[in-house]
Amino acid sequence: MGQSSSSHSPSPAGSTHHHQRSITRSSSSYSARSEILGFRYSKEEACFDFPDATTSFIDYTSEIPDDCLAVVFQFLSAGDRKRCSLVSRRWLLVEGQSRNRLAIDANSGLVPFIPSIFSRFDSVTKLSLRCDRRSVSIDDNGLIMISLRCLNLTRLKLRGCREITDVGMAALAENCKGLKKFSCGSCMFGAKGMNALLDKCSSLEELSVKRLRGINDGVTAEPIGPGAAAKSLKTVCLKELYNGQFFGPLISGAKNLKTLKLLRCLGDWDSLMEMIAVPENSLVEVHLERLQVSDIGLSALSNCSKLEILHIVKTPDCTNVGVISIASHCKYLRKLHIDGWKTNRIGNEALIAIAKNSANLQELVLIGVNPSSISLEAIATNCQKLERLALCGSETIADTEISCIASKCVALKKLCIKGCPVSDEGIEAFAWGCPNLVKIKVKKCRNVTYEVGDWLRARRGSLVVNLDVCAVEAEAMDASASDNGVQEDMEITHVAVAQPHPLATSNSVRGSIFKTRFGLFGARGIVTSTFRRFSNGNTNTSSNGCS
């Protein structure tokens, strides 16, 4: 009749708390390992030890297949993925095998840990190797070890890897023949390494080269390309090169090239334009920024009849003649950015030619250009598909011209006016004009007040109105501020005080040659402004957003 107290008695009151304390201790032990299991590696081999699950612990994810768990991980940020890898051995394994993107600090201390890193992350297809300029980067041996463990690599970025030579690049090309996108900046290998990549990687589609030091010697450097990538290459971007003309055979030999970006490269580019711009060329998008190119080069470029996107930024030798030639022959032009650098060499004649011939124009950016009411009226009347318009740093765009745009640009959706002599009267015209207008931004226009902005919002409730009057006041107080503006993002909300930015980049190794070539125009402050977020197009240029 007695009851057994040993087999059926309830658990002691403190047992639940004891179990909670054990879980807390386990959680703290996981946190202590986070520094080891992340991407920071100590000098000793990382050891992954997890406490055994207690009988009371239930893994509700045990029934989820690894593939499904991997899909869940793909929706997490990099930090959350690292934390998830600490949960269990299974999660650690699945997270590593499902990660296809990896960015690594490529200093010389990485080399001993390359086998363990890429044993865990054995499915990487997109890799970024970056090294700080104050550190010593991995050398050829490190790059060879990585290439042997990433045979399925499709995208590779090298930044500041100054110890990599032509030998390492040749091995990379031999081991990773499936590369589709390659980008390098501030590296020291030369033409031989680049040619090895182009000869072996027959699927290469995008090539971006910035400050490649190994081809600075114009005497011994050999021409580059096109190699086996001649048929597959679609995008070439060259930035800040002293001898970018050595890429001429590559550009002219890539018959399926769609996008060409030449940014801040020294040398005369007219002859190269004449060589590459043949009627059978497939070029659709061309960016020319701070380049020594003249009307000869633009006239040659007009042979590319399929051209849809053109950026002419701070090219002081380009005039109305070259732009007229482009407008007359490139009938499919959709996006046109012109930064005249206030040289007054591109003006009304070029804009009238654009109005007459570019009926498909959807986006127009004019910086440092002084059009008249005649040319603006022609564009507003004839370019009926124009949806995005930016007018910056113009001395002739006033209320009359703005009223003309408001009354005739029926399809206009987004408008940016910056540093122009416009007043409240001109802005008031948008209360009735441009019925499809979604957003208007007015910046550094001294005669525009906040009152007109509030009035316009009241008249058109759905219209986003951004007025930045404080920027003008800040410029008036700062004698060093540019009178033409700075880089900006049109996603700024109601008010923001602009801070002046230097025109030169932070990298002082650009070289005295570059400063000498462009020193004549160095005092001009107008900065390129484009529609990075403003447009729906896929132009990933280095210009600054106006939206």
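Of the residues that sit in region 221-246 and are open to solvent by less than 20 Å² (accessible area, probe 1.4 Å) and in contact with a Pro (Cβ under 8 Å, 6 or more places away or on another chain), which one is modelled with the highest pLDDT?
Among them, the one singled out is LEU233.
Yes or no, residue by residue, for (1) at pLDDT 95 or above; (2) part of a helix (DSSP H, G or I); (3) in contact with a Lys or Arg (Cβ under 9 Å, 6 or more places away or on another chain); (4) open to solvent by 40 Å² or more (accessible area, probe 1.4 Å):
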| site | (1), (2), (3), (4) |
| --- | --- |
| ASP454 | no, yes, no, yes |
| SER462 | no, no, no, yes |
| LEU467 | no, no, yes, no |
| GLY485 | no, no, yes, no |
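From LYS314, LYS234, LYS239, LYS255, grab the single residue that is under 23 Å from SER358 (Cα atoms) and either without any contact (Cβ under 8 Å) to a residue 24 or more places away in the chain or not aromatic (Phe, Trp, Tyr) (or both).
Every option except LYS314 fails the conditions.
Only one of these conditions is not met by LYS385: (1) over 27 Å from the mean Cα position of the chain (by Cα); (2) open to solvent by 10 Å² or more (accessible area, probe 1.4 Å). Which number is it?
Result: LYS385 passes all but (1).
For region 349-432, which helices (runs of 4 or more DSSP H) that fit wholly inside it have 1 or more residues that are over 22 Å from VAL469 (Cβ atoms), touching an Asp or Glu at 6+ places or on another chain (Cβ under 7 Å) and among the hydrophobic types (A, V, I, L, M, F, W, C)?
373-382, 399-408
How do the pairs read when you match residues in region 58-72 that are within 20 Å of ASP122 (Cβ to Cβ) with residues anywhere that are not in a loop (DSSP other than H, G, I, E, B), using Cβ under 6 Å and keeping only pairs 6 or more apart or on different chains?
Matching pairs, first to second residue: ASP66/VAL94; LEU69/VAL94; ALA70/VAL94; ALA70/SER98.
Hey, among LEU69, LEU86, which residue is touching a Phe, Trp or Tyr at 6+ places or on another chain (Cβ under 8 Å) and outside any helix (DSSP H, G or I)?
Of the residues listed, the single one that is touching a Phe, Trp or Tyr at 6+ places or on another chain (Cβ under 8 Å) and outside any helix (DSSP H, G or I) is LEU86.
Somewhere in region 426-438, is a residue under 32 Å from the mean Cα position of the chain (by Cα), within 21 Å of VAL369 (Cα to Cα) and buried (at least 19 other Cβ atoms within 10 Å of the Cβ)?
No, every residue in region 426-438 fails to be under 32 Å from the mean Cα position of the chain (by Cα), within 21 Å of VAL369 (Cα to Cα) and buried (at least 19 other Cβ atoms within 10 Å of the Cβ).
Between ILE354, ILE338, ILE367, ILE346, which is open to solvent by 10 Å² or more (accessible area, probe 1.4 Å), at pLDDT 95 or above and under 22 Å from ILE417 (Cα atoms)?
Going through ILE354, ILE338, ILE367, ILE346 in turn, just one is open to solvent by 10 Å² or more (accessible area, probe 1.4 Å), at pLDDT 95 or above and under 22 Å from ILE417 (Cα atoms): ILE346.
Would you tally the residues in region 94-109 being touching a residue at least 40 places away in the same chain (Cβ under 8 Å) and surrounded by 18 or more Cβ atoms within 10 Å (Cβ to Cβ)?
Residues meeting the conditions: 2.
The values are calculated or read from the model by the stated rules, or taken from the named source; none is laboratory data. As the structure is a prediction and not an experimental result, all values here were calculated from the model. Glycine gets a Cβ as well: all are built from the backbone with ideal geometry, and neighbour counts include every protein chain shown. These area figures cover heavy atoms from the full protein model, side chains too; ligands, DNA and RNA do not enter into them. Shrake-Rupley method; radii C 1.70, N 1.55, O 1.52, S 1.80 Å.
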